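The values are calculated or read from the model by the stated rules, or taken from the named source; none is laboratory data. It should be emphasised that the depicted structure is a prediction, and the values quoted were computed from it without experimental measurement. Note that we place each Cβ from the backbone using ideal geometry, even for glycine, and neighbour counts take in every protein chain shown.
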Amino acid sequence: MAQNAIVETIPQLSLINDLDVNLVSATLTKVKTLQSTLKNILTENHDYGKIQGCGDKPTLLKPGAEKILMALSITSSYELVEHTESFEDKGFFAYTVKCTLLKNGQKITEGLGHANSKEKKWAYEFVYEKDLPPGTDKELLKKKKIESAKGTFYKYEIEADANSKANTILKMAKKRAQIDAVLTVASLSEIFTQDFDDLPSETQPTVQPVVNKIKQDTQAAKDFYCDNCGAGITEKVANYSTEKFGRTLCMACQKTINS
């Protein structure tokens, strides 16, 4: 056993002895330069941003990952490595995707991403009382208050039907795989962390400018709330959105619908 152990360590010692330290140092310098260059081409709060509660390391977002791939002329391919699809009752869908990054047809690295319909953002949804399943006791459900020009309403949290969300869940797994792969390019995980923009809104860390905007909206609001995201809005905004969209929406959600 002792002889085997000695034999097994010889290749490791040879690898160290054969290293060109100057070449390694030059490579690391190039990596640092590339990291700095890539970060400079990205736009803060669009391609990346600092996330409250997640330390000082910026979070790489999907637009930033795509910009990095384009800048480096890197292409990506995707493989569905595992999936579960059940259309019974409210359904269950789970996907694991592998993203492979290539440069001139040669594989550079790969990443994995997983998403499933039991994640909170897809497992539950808020609906109006008229949309509750027959026989549901609304008093047992979590609810949120909706104020609008037409009066006060409540939406209730129920288990969502995942059958209509399969494609969205698959795309999320694909995006997570892409981010995972991109972070390994030029050791970008040293300066960026994983993308958090796919977290549920109830638990999603928010970029600081967004936090400030929400605080301003809440302070200016007069007991009116966005039907979609729950943010406080002014009576003027509530009246406008009710007239145009038939429900109370904050300006950000109105822009999303218009786009």
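Looking at segment 82-97, is at least one residue closer than 16 Å to Val182 by Cα and at pLDDT 85 or above? Among the residues of segment 82-97, at least one is closer than 16 Å to Val182 by Cα and at pLDDT 85 or above, which makes the answer yes. Could you check segment 105-138 and list, in sequence order, the residues that are outside any loop (DSSP other than H, G, I, E, B), under 16 Å from Lys165 (Cβ atoms) and modelled with pLDDT of 90 or more? Once the filter is applied, which keeps residues that are outside any loop (DSSP other than H, G, I, E, B), under 16 Å from Lys165 (Cβ atoms) and modelled with pLDDT of 90 or more, segment 105-138 yields His114, Ala115, Asn116.
Applying the selection to segment 109-133, what residues are among the hydrophobic types (A, V, I, L, M, F, W, C), within 22 Å of Gln178 (Cα to Cα) and crowded, with 17+ Cβ neighbours inside 10 Å?
Ala115, Trp122
Within segment 175-190, the residues that satisfy the criterion of being touching a residue at least 12 places away in the same chain (Cβ under 8 Å), part of a helix (DSSP H, G or I) and surrounded by fewer than 18 Cβ atoms within 10 Å (Cβ to Cβ) are Ser187, Glu190. Using the structure shown, decide if Lys50 is of a type in the set (Lys, Arg) and at pLDDT 75 or above. Criteria not met by Lys50.
Only one residue in Ser148, Ser164 is among the hydroxyl-bearing types (Ser, Thr, Tyr) and free of Cβ contacts under 8 Å to residues at least 12 places away in the same chain. Which one? Steps first, answer last, please.
Values: Ser148 fails: free of Cβ contacts under 8 Å to residues at least 12 places away in the same chain.
Residue meeting the stated conditions: Ser164.
Only residues that are among the basic types (Lys, Arg) and without any contact (Cβ under 8 Å) to a residue 12 or more places away in the chain were counted across segment 128-145, and they come to 1.
On the basis of being at pLDDT 85 or above and buried (at least 18 other Cβ atoms within 10 Å of the Cβ), does Tyr156 make the cut? For Tyr156, the condition - at pLDDT 85 or above and buried (at least 18 other Cβ atoms within 10 Å of the Cβ) - is met.
Selection over segment 83-104 of residues that are surrounded by 13 or more Cβ atoms within 10 Å (Cβ to Cβ) and within 23 Å of Ala162 (Cα to Cα) gives a count of 12. Please tell me if Leu28 is more than 22 Å from Ala162 (Cα to Cα), surrounded by 18 or more Cβ atoms within 10 Å (Cβ to Cβ) and without any contact (Cβ under 8 Å) to a residue 40 or more places away in the chain. Considered against the rule, which asks whether it is more than 22 Å from Ala162 (Cα to Cα), surrounded by 18 or more Cβ atoms within 10 Å (Cβ to Cβ) and without any contact (Cβ under 8 Å) to a residue 40 or more places away in the chain, Leu28 comes out as no. There is at least one residue in segment 36-47 that is assigned to a strand (DSSP E or B), modelled with pLDDT under 85 and farther than 18 Å from Asp180 by Cα.
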